[in-house]
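The values are calculated or read from the model by the stated rules, or taken from the named source; none is laboratory data. Since this is a predicted model, take the numbers as computed values, not measurements. Quick reminder, even Gly has a Cβ in these numbers, built from the backbone with ideal geometry, and neighbours come from all protein chains shown. We work out accessible area using only protein heavy atoms, side chains counted, and drop any ligands, DNA or RNA first. Shrake-Rupley method; radii C 1.70, N 1.55, O 1.52, S 1.80 Å.
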Amino acid sequence: MARNQMRHQDDRDSEFVDKLVHINRVAKVVKGGRRFGFAALVVVGDQKGRVGFGKGKAREVPEAIRKATETAKRALVRVPLREGRTLHHDVTGRHGAGRVILRAAPAGTGIIAGGPMRAVFETLGVQDVVAKSLGSSNPYNMVRATIEALKQEDSPRGVAARRGKKVSDIVSRRRDSAGDAAVPTEA
């Protein structure tokens, strides 16, 4: 590989943040004792709306993490964010027995989410979100369910384009429906 290509590769890699979510150690019993292997679950994101996860297996921990990171970079998903800090709307996702509920939150809320989901949100670049995990606490299923939920996330621009309307029509409806719920009606 030429020096210029390597520099370009390093620049592309440096824009991503990776978080190790889980390491699993397995032992294979052989004649001379035990052989250990490691499986790593890594979440990678650019903190600007792209996120992905990957698994890697190897005899050594660093090699498993490297493989998982490479897999995660190949499987990135783009998620539209409101004001670059939270979700546009509430959404649920599931994978296997794992279910997650993700809710948009006002500024200053922070990331209220458990372990594996927190890693996904931090690498995605979300600053305000409330999330709840139901069912399985298996980190693999939680990460997959969170990514599935984020894939369902849609921006007002995308909805307007799909329905052939203006973005202002879509956003004004959201404000109207929120305003109606907040104002009690007298009978």
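Brief remarks follow.
- Any chance V44 is touching an Asp or Glu at 6+ places or on another chain (Cβ under 7 Å) and either buried (at least 16 other Cβ atoms within 10 Å of the Cβ) or in a strand (DSSP E or B) (or both): yes
- Among the residues of the stretch 70-83, those that are farther than 30 Å from F38 by Cα and either in a strand (DSSP E or B) or within 14 Å of the chain's Cα centre (by Cα) (or both) comprise V79, P80, L81, R82.
- Restricting attention to the stretch 65-83, the residues that are more than 13 Å from V129 (Cβ to Cβ) and open to solvent by 20 Å² or more (accessible area, probe 1.4 Å) total 12.
- The stretch 100-128: number of residues that are farther than 23 Å from E15 by Cα and β-branched (V, I, T): 4
- Some residue of the stretch 59-69 being part of a helix (DSSP H, G or I), under 19 Å from E148 (Cβ atoms) and of a type in the set (S, T, N, Q): no
- The one condition in (1) touching a residue at least 24 places away in the same chain (Cβ under 8 Å); (2) outside any helix (DSSP H, G or I) that G56 fails to fulfil: (1)
- Here L87 passes the criteria (1) crowded, with 19+ Cβ neighbours inside 10 Å; (2) under 16 Å from D18 (Cβ atoms); (3) touching a residue at least 24 places away in the same chain (Cβ under 8 Å) except the one numbered (2).
- Index of the failed condition, V29 passing every other in (1) open to solvent by 50 Å² or more (accessible area, probe 1.4 Å); (2) in contact (Cβ under 8 Å) with a residue 12 or more places away in the chain: (2)
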